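To start, the structure under review is shown below, and the notes come after it.
The values are calculated or read from the model by the stated rules, or taken from the named source; none is laboratory data. Predicted, not measured: the structure shown is a model, and the values here were computed from it. In this analysis, Cβ positions are derived from the backbone assuming ideal geometry, glycine residues included, and neighbour counts consider all displayed protein chains. Accessible surface areas use protein heavy atoms only, side chains included; no ligands, DNA or RNA. Shrake-Rupley method; radii C 1.70, N 1.55, O 1.52, S 1.80 Å.
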Amino acid sequence: MKLAVADPLQQLSDALDGERQALVEHDVQALVAATSLKLEALRILEARPPLEHAERLRELAERNRANGALLARRRREVSWALRQLGRSEASSAYDAKGQAHLLHTRKPLAVA
């Protein structure tokens, strides 16, 4: 039984490694593949949480948070680059219920 639980833990670990590598190398296809593997492993682990491996789960959760921070930094870099190119401009707005939303306006690179 422990072998069945260890496999999703290893799959999650491998997926997190792949996700980090893809983020570092700016490899979109590898990032999508790693995310898919990660979600599959998480579905298995959520169905049967391996409580006896709590320390390993905490370590994997920390690695996932680190990948999330790296992804957020990459998003900010892309947003900044797009703003510099004049391709998008984000501004916040509130709807009738007082909820904040981002409005995106696009500017053409050239006009024919």
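On the basis of being small (G, A, S) and modelled with pLDDT of 95 or more, does A15 make the cut?
Yes; evaluated as a whole, the condition is true for this residue.
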Original post:
Name the residues in region 27-51 that are more than 18 Å from R74 (Cα to Cα) and not aliphatic (A, V, I, L, M), would you?
Top reply: S36, K38, E40, R43, E46, R48, P49, P50
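Can you name the residue in region 47-71 that is among the basic types (K, R) and open to solvent by 60 Å² or more (accessible area, probe 1.4 Å) and, of all such residues, is nearest to P8 (Cα to Cα)?
R48
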Original post:
Only one of these conditions is not met by I44: (1) surrounded by 12 or more Cβ atoms within 10 Å (Cβ to Cβ); (2) of a type in the set (V, I, T); (3) under 15 Å from the mean Cα position of the chain (by Cα). Which number is it?
Top reply: (3)
Original post:
Between residues in region 74-87 that are hydrophobic (A, V, I, L, M, F, W, C) and residues that are in a loop (DSSP other than H, G, I, E, B) and surrounded by 13 or more Cβ atoms within 10 Å (Cβ to Cβ), which pairs lie under 9 Å by C-beta distance while being six or more apart or on different chains?
Top reply: A81/R87
**OP:** Working only within region 22-41, note down all residues that are open to solvent by 70 Å² or more (accessible area, probe 1.4 Å), in contact (Cβ under 8 Å) with a residue 24 or more places away in the chain and either out of contact with any Gly (no Cβ under 9 Å at 6 or more places or on another chain) or outside any helix (DSSP H, G or I) (or both).
**Re:** V24, H26, E40
**OP:** Check E89, E59, E52 and return the single one that is modelled with pLDDT of 90 or more, under 23 Å from the mean Cα position of the chain (by Cα) and of a type in the set (D, E, K, R).
**Re:** E59
